[in-house]
Amino acid sequence: MEEESVTPARRLERSFYLNTNAVEIARNLLGKVIYSSVDKIITGGVIVETEAYKGPEDVGSHSYNGKRTVRNEMMYAEGGLVYMYICYGIHNMLNIVTGPEGSSHAVLIRALEPVTGIDVMRQRRSVFDNDKRLCKGPGALCKAMGLSKKHNGVSLAGDTVWIEDRGTVLTDDEIIASPRVGLNITGPYRDIPWRFYIKRNPYISRP
């Protein structure tokens, strides 16, 4: 995909994030473009892979059974904020808080197709030979976009992280639903198809 300009486009409305169905939001985020502005440098990419986490009933969620900690408190905020956490003590993970305040739903952004600020992404990732690797996985995309735990709680209505709808329409035939990746859990939530990605897209984290 060619480099895009960052000319004004329609940002997702607040109502998009307040939808109570995190699974629907995860699917509908595919094809949208997410941007970050860090140190006045804008980077961005098309969202090509997501995972849904549905609040207290979801064994795979940080808020399972209503658990509240300093780490996951942002999940209980009103939808439209960024929830960042660190995985394995190394990787920053970018999540979008969804639903009404207290619902604790979120969508993990797992992979992007870079479109803006690609040279900066290469520098941040020290990857110069294969742009498909730049945002291939949630830790990689956060590093490429300059996002870290300090961005926890950032509003998507602001100018640090935001998501735009540029008119891409994906049909059901173009989207794959599969089990989420890397969950160390048992029971039905281990295999529930709440991971979504664009079929045959070379930028997804894994088939």
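General remarks:
- Which listed residue is in contact (Cβ under 8 Å) with a residue 40 or more places away in the chain and either within 24 Å of Ile175 (Cβ to Cβ) or within 18 Å of the chain's Cα centre (by Cα) (or both), from Ile90, Ile41: Ile90
- Within the range 153-178, being free of Cβ contacts under 8 Å to residues at least 40 places away in the same chain and among the polar types (S, T, N, Q) holds for Thr171, Ser178.
- Looking across the range 42-65 at every residue that is out of contact with any Leu (no Cβ under 7 Å at 6 or more places or on another chain) and farther than 17 Å from Ile185 by Cα, the one that is surrounded by the most Cβ atoms within 10 Å (Cβ to Cβ) is identified as Glu49.
- Evaluation of Arg122 against (1) in contact with a Leu (Cβ under 8 Å, 6 or more places away or on another chain); (2) buried (at least 18 other Cβ atoms within 10 Å of the Cβ); (3) touching a residue at least 24 places away in the same chain (Cβ under 8 Å) (one fails), failing number: (3)
- Per-region count, the range 128-142, residues in a loop (DSSP other than H, G, I, E, B), buried (at least 18 other Cβ atoms within 10 Å of the Cβ) and touching a helix residue (DSSP H, G or I) at 6+ places or on another chain (Cβ under 8 Å): 2
- Meets criteria (under 16 Å from the mean Cα position of the chain (by Cα) and either surrounded by 12 or more Cβ atoms within 10 Å (Cβ to Cβ) or in a loop (DSSP other than H, G, I, E, B) (or both)) for Arg200: no
- Considering only residues in the range 166-190 that are charged (D, E, K, R) and surrounded by fewer than 17 Cβ atoms within 10 Å (Cβ to Cβ), the one that is nearest to Asp39 (Cα to Cα) turns out to be Arg166.
- Residue in the range 179-187 that is free of Cβ contacts under 8 Å to residues at least 40 places away in the same chain and charged (D, E, K, R) present: no
A short reminder: the numbers here are calculations on the coordinates, not readings from a lab. Bear in mind that the values here come from a model prediction, so they are computed numbers and not experimental data. Virtual Cβ from ideal backbone geometry, glycine too; neighbours counted across all protein chains shown.
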